[in-house]
Amino acid sequence: MGVSGSGKSSLGRLLAGRLHVPFAEGDDFHPGANIAKMAAGQPLDDADREPWLTSLAAYVRDATRAGRSVVISCSALKRVYRDRFRSAGPGVWFLYLELDREVARARVARRAGHFMPVALLESQYAALEPLGGDEAGLTVHADTAADIVLARAQAAIAGFEARG
């Protein structure tokens with residue numbers, strides 16, 4: 001979880017590979033209207049996010065029922081969104097990739113071919129509710145080397161699963 005440019009997709013793919021589980025790109029769950037709205041520089045509101053959250057929660061629910069672990073890249077900016085995913089699958093765990101605004105702006109500005117414009121970052125930071133201490137997960141600064149983030153995440157996941 002995290003704002004645009006935090007490395008959710010890149011690190012998510014790597015983590016899924018290390019864990020030998022499927023990876024799902026959260027952006028792929030957005031309806032076309034949401035992508036078009038963001039590409040036009042308009043932030044999404046909760047009504048816009050509703051079908052996206054419903055689709056992601058269904059994916060979590062299906063994976064849980066099938067006994068499959070998965071890695072999903074998803075902004076999950078608000079706790080209420082994360083609560084929804086936890087309700088869909090009791091074993092949901094979050095890796096929050098914390099990132100400074102300036103670094104996020106630079107990363108998003110360098111990306112080619114992505115629908116998310118730099119102008120929308122402020123709306124993401126305005127909505128962002130960082131992972132709470134009572135939420136299952138780990139917060140890591142997104143500027144940390146990928147190998148270190150992955151090692152910390154794997155160790156934290158193993159501890160979470162052991163508590164079961």
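The values are calculated or read from the model by the stated rules, or taken from the named source; none is laboratory data. Computed from a predicted model, the values in this text were never measured in an experiment. We place every Cβ from the backbone using ideal geometry, glycine too, and count neighbours over all the protein chains shown. Ligands, DNA and RNA are stripped out before the accessible areas are found, and what is left, the full protein with its side chains, is counted by its heavy atoms. Shrake-Rupley method; radii C 1.70, N 1.55, O 1.52, S 1.80 Å.
Here's the yes/no breakdown for (1) out of contact with any helix residue (DSSP H, G or I) (no Cβ under 8 Å at 6 or more places or on another chain); (2) open to solvent by 30 Å² or more (accessible area, probe 1.4 Å); (3) part of a helix (DSSP H, G or I); (4) not polar (S, T, N, Q):
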site	(1), (2), (3), (4)
VAL3	no, no, no, yes
SER6	no, no, no, no
GLY17	yes, yes, yes, yes
LYS37	no, yes, yes, yes
PRO43	no, yes, no, yes
ALA47	yes, yes, yes, yes
LEU53	no, no, yes, yes
ALA57	no, no, yes, yes
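Name the pairs: first residue in the range 40-62 and at positive phi and in contact (Cβ under 8 Å) with a residue 60 or more places away in the chain, second residue open to solvent by 60 Å² or more (accessible area, probe 1.4 Å) and part of a helix (DSSP H, G or I), Cβ to Cβ under 6 Å, at least 6 apart or on different chains? Pairs found: GLY41/ALA119. Looking at the range 19-35, which of the residues that are part of a helix (DSSP H, G or I) and touching a residue at least 24 places away in the same chain (Cβ under 8 Å) is farthest from GLN124 (Cα to Cα)? The extreme case among them is LEU19.
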